[in-house]
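Accompanying notes for the structure given below.
Every read-out reported here was derived from the displayed coordinates using simple, explicitly stated rules and does not represent laboratory data. The model shown is predicted, which means the values in this text are computed figures rather than measured ones. As a convention, Cβ positions derive from the backbone with ideal geometry for all residues, glycine included, and neighbour counts pool all protein chains shown.
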Amino acid sequence: MGWVNRGTHHAPRIHDLRHSFVVRRIILWQQQGIDVAHEMLSLSTYLGHASIAETYWYLQAVPELMAASAKQFEMCMPEVNDA
């Protein structure tokens, strides 16, 4: 399959695929203009997370998602841009 291990494990794990799925899904929702905050509960349930905070972790764990989240925050809080 041509997988390259980027972690501290000796080989890719099924959990790595799960992480890729979540990140790609959130990026796709952002590109499609879908309200990610609205969809996070569904995604959290799908993943079997006990707390939605476990799902929101992906937003801060991936630089591309963190940048998109920051941009959305700035659009909602114009006074932050004025400072």
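Helix-only arithmetic for the chain: the sum of -39500 (n - 2.57) across DSSP H runs with n ≥ 4, divided by the residue total, places the mean residue ellipticity at 222 nm at -22500 deg cm²/dmol.
By the count of neighbouring beta-carbon atoms within 10 Å, fewest first, 75, 66, 40 end up ordered 75, 66, 40. Between 59, 41, 17, the residue with the greatest mean-square fluctuation in the GNM of the chain (Cα pairs under 10 Å linked by springs) is 17. Here the Gaussian network model covers the chain, with springs between Cα atoms less than 10 Å apart; of 14, 52, 27, 14 fluctuates the most. Positive end of the dipole of the chain (Cβ unit charges, origin at the Cα centre): among 14, 46, 36, the Cα lying farthest that way belongs to 14. Relative contact order of segment 14-82: 22 percent, from C-alpha pairs under 8 Å at least 6 residues apart in sequence.
What shape does the chain take by its C-alpha gyration tensor, where a ≥ b ≥ c are the square roots of the eigenvalues and a/c under 1.5 counts as rounded, a/b above b/c as prolate, and the rest as oblate? Prolate, since a/c reaches 1.5 and a/b exceeds b/c. Given +1 at the Cβ of Lys and Arg, -1 at the Cβ of Asp and Glu and no other charges, the dipole of the chain around its Cα centre is 500 debye to the nearest 20.
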